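Read-outs: derived from the displayed coordinates by stated rules, not from any lab. All of these numbers come straight from a predicted model, not from anything done at the bench. Every residue, glycine among them, receives a Cβ derived from its backbone with ideal geometry; neighbour counts consider all protein chains shown.
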Amino acid sequence: ARSYITKYRSFIPEQLPHESLQQPIKGPQYCEYPLSCRKDRFPDHSKHATIVCDVITTTQRDDGNYECGQYIMDEYIVMQWPIKPIIELFEKQTSNSSQLEIQKDYLAQEFHFIFTAKNETVRDLVLFPKPPLHLTNRQLVQLPFFWATAILTSKMLHHQLQQKTLSEQKIWPVEAIAINFGQWETAGFYDKRLIDCHAHAHLLLNLTFINACDNTFFSALKGRVDEPPNYLKQNARLLHFDRLHNHEFNSQQMDDFSNRLTNVENALQGVKTNLKGVKTDFQGVKTDFQGVNTDLEDVKTNLQGLKDNVTNLTTNVEGLTN
């Protein structure tokens, strides 16, 4: 965990905001409930997507199985790739029978991966299994043809950029591939209690590639110059402060902690010694009070004797008078 933090905390440096060279495409407002909504006949209602996943998902929500509802916004579609040729290419390059068996069920279907820009103007190319193919992220990352697609996409974008800029520079457009897991990621279409969602991977693009995008070159991505979330830095920060901070100390911190404990122990010992002295002083005060009490008893006795003498004297005087 510590080596992960050290490696990735500054893997992608912070970047200043950049001015867009192109006007980014901005799609209309889309209806978030494309499968259940019946208001699409109203002219002022939000647009309904044409590509929607209506697969009944299992273990997607904690209150039962529902239709997925993942939709693709038409204006942001960048490209689509059929899965079958990628699997066939992969089969020629591997002899791993277990991996080939995993992919057999997908080979007979005309499934596609679909790539889209995000609604936000960030440098993010999002890869989805195109409906009706429904996968979760956990299923997606176990498929060899997904990783083959991610690698081929990176190489293709690199080749296209070289042709566009007439440059032989080794500039790789994809800075990182991010795949999120967990309930916090799921920002549901129907309910916040979603547990898992329609699979998607984020291909985070660099500024050089985005600046090359225009009306003739990946037009759906043009002008989207804003920095995408730095997932590597976020993960490293979360791991450092929330997971390791209270469980891990380096040698200097351990020395400081040990010295502080020694100082506290010495201070407590001094307090203990002072309390013993106070106890001794209180014992002396108690003895003094006992002596004072004895003296008061003697004074009381003497006063009683004096009182008796005065009484006798009064009696004698009265006898002489009579």
Open item on the list: Show me, bin by bin at 5 Å from 0, the whole-percent P(r) of region 251-322 based on Cα pairs.
Closed with: 3, 12, 8, 9, 7, 6, 8, 6, 6, 5, 5, 4, 4, 4, 3, 3, 2, 2, 1, 1, 0, 0
Task: LYS47-ASN312 pseudo-label distance in nm [points 7 Å out on the Cα-to-Cβ vector] - done: 12.7 nm
Task: Calculated FRET value between THR6 and GLU265, using beta carbons and R₀ = 25 Å, to 0.05 - done: 0.15
Open item on the list: Testing the spin-label approximation: label points 7 Å from Cα along Cα→Cβ at THR273 and ILE151. State their distance in nm.
Closed with: 7.2 nm
Task: Proximal lysines relative to LYS7, as straight alpha-carbon distance under 19 Å, when same-chain residues fewer than 8 apart are discounted - done: LYS233
Open item on the list: Once you place label points 7 Å from the Cα toward the Cβ at LEU303 and CYS37, how far apart are they in nm?
Closed with: 10.0 nm
TODO: Step through the table entries LYS84/LYS155; LYS47/LYS84; LYS26/LYS84, compare each Cα-Cα distance with 23 Å, and write down the pairs that go over it.
DONE: LYS47/LYS84; LYS26/LYS84
